[in-house]
Amino acid sequence: MEQNLSSYRIFYAVANTGNISKAAKELYISQPAISKSVQKLEENIGVKLFERSSRGVVLTSEGELLYTHVKSAFETLTLGEDKLRRSIALGVGNLAIGVSSTLCKYILLPCLKEFIKKYPHINISITCHSTNQTLKLLEDGKLDIGLVGKPELLKNMDFYPIREIEDIFVATRDYLHNLKIRGVERSFLLQSSTLLLLDRENMTRQYIDNYFQTSHLPVQDIIEVSNMDLLIEMSKISLGIGCVIRDFVQNELKTGTLLEIPCGSSIPKRYIGFAYRKDTRISKSLEHFIDFYEEYYSEFDFPLP
């Protein structure tokens, strides 16, 4: 498009009013400037757009054709402005969150339930991946924010811890009884059982493998699963000893469905929290979410690192 928007705005006003004087008043510019703009537009396009008369101007057939498209364009722009104003007034926006399926179920959804009440017009998309995958997506700019276990190296990330978590080993009473029948001593439970662990791509699994290594605990039989809910369910049917997060099996521990397995040295506690890139552009939606979760989780009393 060779002409700038102002030339077409003048053409549009003249066509609507049918009068250069009225168009000049509407646009707050002089009549000579209106006439000059229309003349220049006609010269550049190579056709006459208006017929002059004593009562004003009327569109030529070529002018009518151009007016149809210009009218549609300006109506679209006006509609866009109206939608933008409504979006701003309602707080409409988009927020892309990355999280593991386990943290999504137990941690993120309760928070989002309250956030949505306060900001119902923010469109939220959730991508469920492991912490390592979520961090990669954050680095690539494909997510706004992620709920993750705190990594050893944060690189270019801001991290806001929201909860301290503790990994423990659990099993059913029946499974432990069967190990006892086989003559497995209490101090060798982990080494002599089938361990139910998350897969090696998961940061929790990497954390547990590091614990095994530093504690000099050799492990033999392992069943790997992709998420903790499945791991908990496998533990409950006596398939082995599962490594789970204590907070997520509170009911099972209270009812005795699962029993905690004491180990020589406890697994160090760790933190989960929200991470986002330091150099990212903070959208209004992300700003609202950051302010919200900082207030939401400030009500919980836990030690910060």
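The values are calculated or read from the model by the stated rules, or taken from the named source; none is laboratory data. Remember, it's a predicted structure, so these values are computed and weren't measured experimentally. No Cβ is skipped: glycine too gets one built from the backbone with ideal geometry, and neighbour counts run over all protein chains shown.
So here's what we get for this one:
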{"quantity": "Matching option when the condition is modelled with pLDDT of 90 or more and farther than 17 Å from I290 by Cα, among D144, D140", "calculated": "D140"}
{"quantity": "Among residues of region 1-24, those that are over 45 Å from the mean Cα position of the chain (by Cα) and loosely packed, with under 14 Cβ neighbours inside 10 Å, counted", "calculated": "1"}
{"quantity": "Set E224, E201: member being part of a strand (DSSP E or B), under 25 Å from L135 (Cα atoms) and either assigned by TED's automatic domain parsing to the domain that holds S100 or among the charged types (D, E, K, R) (or both)", "calculated": "E224"}
{"quantity": "So K254, is it basic (K, R) and either free of Cβ contacts under 8 Å to residues at least 60 places away in the same chain or within 19 Å of V148 (Cβ to Cβ) (or both)", "calculated": "yes"}
{"quantity": "Residues that are out of contact with any helix residue (DSSP H, G or I) (no Cβ under 8 Å at 6 or more places or on another chain), touching a residue at least 60 places away in the same chain (Cβ under 8 Å) and more than 25 Å from R281 (Cβ to Cβ), drawn from region 145-166", "calculated": "E164"}
{"quantity": "Search result, residues across region 46-69 that are part of a helix (DSSP H, G or I) and either at positive phi or surrounded by 16 or more Cβ atoms within 10 Å (Cβ to Cβ) (or both)", "calculated": "G63, L66, Y67"}
{"quantity": "Within region 88-188, strands (runs of 3 or more DSSP E) holding 3 or more residues that are surrounded by 12 or more Cβ atoms within 10 Å (Cβ to Cβ) and not hydrophobic (A, V, I, L, M, F, W, C)", "calculated": "93-99, 157-165"}
{"quantity": "Residue within region 42-57 that is at pLDDT below 90, farther than 18 Å from N4 by Cβ, assigned by TED's automatic domain parsing to the domain that holds R9 and of a type in the set (S, T, N, Q) present", "calculated": "yes"}
{"quantity": "Subset of region 122-145 [under 8 Å from the mean Cα position of the chain (by Cα) and farther than 18 Å from D158 by Cβ]", "calculated": "I124, S125, I126, T127"}
{"quantity": "In region 22-36, the residues that are more than 21 Å from E75 (Cβ to Cβ), in contact (Cβ under 8 Å) with a residue 12 or more places away in the chain and of a type outside the set (A, V, I, L, M, F, W, C)", "calculated": "S35"}
{"quantity": "Residues of region 161-186 that turn out to be over 26 Å from N251 (Cα atoms) and not charged (D, E, K, R), as a count", "calculated": "3"}
